[in-house]
1. What does the C-alpha gyration tensor say about the overall shape of the range 18-94? Classify as rounded when a/c is under 1.5, otherwise prolate if a/b is larger than b/c, or oblate.
2. Using mean Cβ contacts within 10 Å as the protection proxy, how do 131-141, 146-156 order, highest first?
3. Mean shadow of the range 103-249, computed from the convex hull of its alpha carbons, in nm²?
4. Based only on other Cβ atoms within 10 Å, what is the fewest-to-most ordering of VAL11, VAL95?
5. Any idea how far apart GLN205 and ASP236 come out in nm if each label point goes 7 Å out from Cα toward Cβ?
6. Binning every alpha carbon pair distance of the chain at 10 Å from zero, what are the percents per bin?
7. Under 5 Å between amide hydrogens, which residues at least 5 positions from GLU190 or on another chain qualify, with H placed 1.01 Å from N in the peptide plane?
8. Okay, helix-only estimate at 222 nm for the chain: each DSSP H run of n ≥ 4 adds -39500 (n - 2.57), divide by all residues, round to 500 deg cm²/dmol; what do you get?
Amino acid sequence: MAVVLPTPMDVTAVAERMLSLLGYPRIARPLVDRLDDGTTLEAAASAGIAPGCLLRGDVTLESNARLSTRCVLNGTITVGRGTNFEPACTLIGDVEFGNYCAIARENTFQQTNHETAKPSMQRRLYETVLDSDLEYVTDGPITVGNDVWIGARCIVLSGVTIGDGAVVAAGSVVTDDVEPYAVVGGVPAERLKWRFPREVREALQDLAWWNWDEETIRANRGFFERELESADDVPDVGNRSRPEPVSKP
């Protein structure tokens, strides 16, 4: 009776499955780079990956980033420091998040899309029947700034940039850029209001607190606990004595 040895593809699939079930434990993360599917994972020691996530492509998770269960990251993905994903978020293609974003459950960030000008739109038909390729189409990468809050079950499409401090209402479909500190919602998403007056928005972007280290953030606790009504509520408005931004670890 012939012995059937597992193929490299079988081994890769099993390893990927086990890493997903275990939540990519820190001790096993270096193994990801050895899989035959070309996946690379650069994750800070403090980055959290819940069991049931699936990571493929070139994935970077900075310090204290967190992926809740059933998140799928497939592409060239960067998740900034302290950014948090609730369960069942999907990131496809070239997608980048800044620091301290709050992403609610079941959001989709779809940077690639199907070709629609050819007779069929199914890539598998081209690969398995025609031995050919059906390329994806895209309007460019998706870029999400810092301190962005995105409500549940939103869809963000290719080429979109979401500015710092923006809010995207639950159930929205984002097809165009979102300005910093705008609140948007709807299908397609449109600006509903601003979070703050113009002078506060400008002062916050100048401050760029999301680049501070945790020690500096703690030292400015009073700022984070107050409601912002004017530029005077933002530290050191109008001069250069603000804390110096700290580069990403």
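1. rounded
2. Ranking, from highest mean packing down: 146-156, 131-141.
3. Values: hull surface 47.5 nm².
Mean projected area for the range 103-249: 11.9 nm², to one decimal.
4. Values: VAL11 13, VAL95 25.
Least crowded to most crowded, the residues run VAL11, VAL95.
5. 2.1 nm
6. 7, 26, 30, 22, 9, 4, 1, 0, 0
7. GLY185
8. Helix-only estimate at 222 nm: -4500 deg cm²/dmol.
Taken together, the values in this text are just the output of simple stated rules run on the coordinates, not laboratory data. All values reported here derive from a predicted model rather than from experimental measurement. Virtual Cβ from ideal backbone geometry, glycine too; neighbours counted across all protein chains shown.
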